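J.: Here it is: the structure, laid out below.
Derivation of every value follows stated rules applied to the coordinates shown; laboratory data play no part. Not measured: the values here are computed from a predicted model. Neighbour counts run over all protein chains shown; Cβ positions are idealised from the backbone, glycine included.
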Amino acid sequence: MHNFGDDLVGAIIAKHLQRAGYDVTVPKLGEQNAEWLGIEYAEDYGDLIQRSDMVVVGGGGILSDTSGSKPGASYLDIVAQAALRGELTGKRVMVTSVGAGPWILEKSKMLAFAVSILAEKIGVREQESYDHLASIGVSGPKVVLGADCALLSADYLDFAPRRGREMGFQFDVGSFEDLKANPRLQEISDAAIQYVRDNAKKITLISNGRGRPQLAASAPDTGIMRYAGLEDYLGRLSGHKTVFTSHLHLAITSYSQRIPTVSLYVREKTRRFYEQIGHPERAVDLSTATVDDFKRLIAEAETAVWTDKDEETLQRLKGDARRLLEFID
């Protein structure tokens with residue numbers, strides 16, 4: 001989808017494959033990112049699978065149909081086609097750094113099963129995904145349990161960290177129609193706007209895509225950070241003291257840069273991450289959240305500091321993330 005999270009994981013996998021001696025193409029990664037990484041630029045798939053030696057499907061909740069903006073809609077059709085094309089043309093097929101399940105549609109579950117059968121190995125980023133695959137009969141040595149490869153951004157990607165003391169604030173939830181079932185959503189949005197206005201000099205509004213942040217029009221005095229390319233974006237992100245976000249890979253990457261992060265999340269994949277890092281109290285489901293939840297998370301973001309326990313957990317999870325790259329060789 002050419003947003004920050006998709007591009008980031010694609011770039012890390014690409015750099016790992018380069019180190020293993022492969023020439024790499026990541027379709028749709030963008031010309032700027034491809035040039036920075038030193039990989040072949042491609043805007044679409046074309047004949048890439050036919051002329052490849054290995055097909056790697058990776059990043060995001062792509063073995064689920066509940067991770068996007070519209071539950072029940074998924075990218076599993078695309079993923080299955082890539083895996084099947086690879087299989088039919090005699091290529092090795094790998095899947096890694098993915099979230100698997102839950103599934104709303106039976107078709108989605110069947111496609112996830114089909115991809116799992118075609119893949120030589122599947123690397124999942126947390127225990128729940130491992131359990132979801134086991135529930136449909138996919139288990140054993142084929143499935144590798146690890147952590148999201150985005151935790152390795154500083155290990156694989158060459159960007160210049162920056163220094164700063166602002167809070168990064170990301171609240172782009174307008175496209176998630178199912179959240180409107182929460183009768184308190186507008187009240188929470190109003191509270192977020194007021195907080196950003198009141199603290200405009202201490203906040204950067206962050207978007208994980210090219211569009212303007214959702215709150216930008218309501219808080220015109222606040223600085224804006226939009227995603228265009230990985231090198232600049234990673235450097236700018238590193239300059240924040242804390243990050244408040246609804247987006248999984250902003251949370252993961254901030255944490256990997258030792259920046260405390262909190263989330264009003266829109267999908268369960270984000271909850272899984274906060275449980276993984278030992279801070280479940282820093283994540284609240286926006287579909288059931290209240291204004292009091294928002295205020296508590298803001299207070300947490302304002303006072304959170306990086307601890308020795310956080311460092312210990314980060315190092316352990318980075319080791320787990322490497323497991324999801326090591327089998328791709």
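J.: DSSP loop trypsin sites (Lys or Arg not before Pro) in region 244-300 with at most 15 other Cβ atoms within 10 Å of their Cβ, which ones?
T.: On the way: sites: Arg258, Arg267, Lys269, Arg271, Arg272, Arg282, Lys295, Arg296; in loops: Arg258, Arg267.
Filter output for region 244-300: Arg258.
J.: Another question, if that's okay. Could you pull out every residue, at least 5 positions away or on a different chain, whose amide H is within less than 5 Å of the one on Ser69? Hs are placed 1.01 Å off N in the peptide plane, and Pro or chain starts have none.
T.: Here the answer is none, since no amide H 5 or more places off falls under 5 Å of that of Ser69.
J.: Further question on the same structure: Hey, what number do you get for the chain at 222 nm if only DSSP H runs of n ≥ 4 count, each worth -39500 (n - 2.57), divided across all residues, to the nearest 500? Provide the component values of the computation, followed by the final result.
T.: Values: 12 runs with 134 residues, N = 329.
Roughly -12500 deg cm²/dmol at 222 nm, from the helical runs in the chain.
J.: Moving on. Taking θ as phi - 60°, what are the ³J(HN,Hα) couplings along region 203-214 by the Karplus curve (6.51, -1.76, 1.60), each to the nearest whole Hz, with x for Gly and Pro?
T.: 10, 10, 7, 10, 10, 8, x, 6, x, 5, x, 4
J.: Here is a follow-up. Return the aspartates and glutamates within reach of Lys318: Cα separation strictly under 16 angstrom, same-chain partners fewer than 8 residues apart disregarded; answer none if there are no such residues.
T.: Within the straight-line limit of under 16 Å, Lys318 reaches these aspartates and glutamates: Glu126, Asp148, Asp155, Glu275, Asp308, Asp310, Glu326.
J.: Right, something else. Can you pull out the chymotrypsin sites (Phe, Trp or Tyr not before Pro) in region 205-279 that DSSP calls coil and that have at most 10 other Cβ atoms within 10 Å? Write down the numbers at each step before the final one.
T.: Numbers: sites: Tyr227, Tyr233, Phe244, Tyr255, Tyr265, Phe273, Tyr274; in loops: Tyr227.
Answer by residue number: there is no such site.
J.: Let me ask something else about it. What does the charge add up to near Met94, with Lys and Arg as +1, Asp and Glu as -1, over the other residues with Cβ less than 9 Å from its Cβ?
T.: On the way: positive: Arg92, Lys121; negative: Glu120.
Net charge in that neighbourhood comes out at +1.
J.: Calculate one ³J(HN,Hα) per residue across region 153-162 by plugging θ = phi - 60° into the Karplus curve 6.51 cos²θ - 1.76 cosθ + 1.60, and present them in order as whole Hz with x for glycine and proline.
T.: 4, 6, 7, 10, 10, 9, 9, 9, x, 10
J.: Using alpha carbon coordinates only, what is the Rg to Rh ratio of region 166-306, with Rh defined as the Kirkwood radius? Could you put the intermediate results ahead of the total?
T.: Details: Rg = 13.7 Å, Rh = 14.9 Å.
That ratio equals 0.92.
J.: Amide H of Thr96 versus every other amide H placed in the peptide plane: which residues, excluding those fewer than 5 positions away on the same chain, fall under 5 Å?
T.: Hits under the 5 Å cutoff: Val57, Gly58, Gly59, Gly123.
J.: All other residues with a Cβ under 11 Å from the Cβ of Leu314 taken together, and with Lys, Arg as +1 and Asp, Glu as -1, what is their net charge?
T.: Numbers: positive: Arg258, Lys309, Arg316, Lys318; negative: Asp308, Asp310, Glu311, Glu312, Asp320.
In short, -1.
J.: In region 269-323, which GluC sites (Glu not before Pro) fall in coil by DSSP and have 15 or fewer other Cβ atoms within 10 Å?
T.: Working: sites: Glu275, Glu281, Glu300, Glu302, Glu311, Glu312; in loops: none.
Passing both the DSSP loop test and the Cβ count: no residue.
J.: 5 Å is the cut-off here: which amide hydrogens, built 1.01 Å from N in the peptide plane, fall below it relative to Ile62, excluding neighbours closer than 5 in sequence?
T.: Gly99
J.: Taking the Cβ of Arg272 as the center, what net charge do the other residues with Cβ under 10 Å away carry, scoring Lys and Arg +1 and Asp and Glu -1?
T.: Details: positive: Arg125, Arg267, Lys269, Arg271; negative: Glu126, Glu128, Asp148, Glu268, Glu275.
With Lys, Arg at +1 and Asp, Glu at -1, the neighbours total -1.
J.: My understanding is that a pair violates if its Cα-Cα distance is over 23 Å; which of Lys180/Lys295; Lys202/Lys295; Lys241/Lys309; Lys202/Lys269 do that in this structure? Don't jump to the answer; show the numbers that get you there.
T.: Details: Lys180/Lys295 20 Å; Lys202/Lys295 17 Å; Lys241/Lys309 18 Å; Lys202/Lys269 29 Å.
Flagged as over cut-off: Lys202/Lys269.
J.: Then there's this: Can you list the lysines whose alpha carbon sits under 19 Å from that of Lys107, skipping same-chain ones fewer than 8 residues off?
T.: Candidates past the 8-residue exclusion: Lys70.
J.: What lysines sit close enough to Lys142 to cross-link, taking a C-alpha to C-alpha distance under 20 Å and skipping anything fewer than 8 places away on the same chain?
T.: Lys91, Lys109, Lys121
J.: Still on this structure, I have one more. So if each residue of separation counts as 0.36 nm, and I subtract the Cα-Cα distance between Lys107 and Lys180, what length gain in nm does that give?
T.: Result: 23.7 nm gained on full extension.
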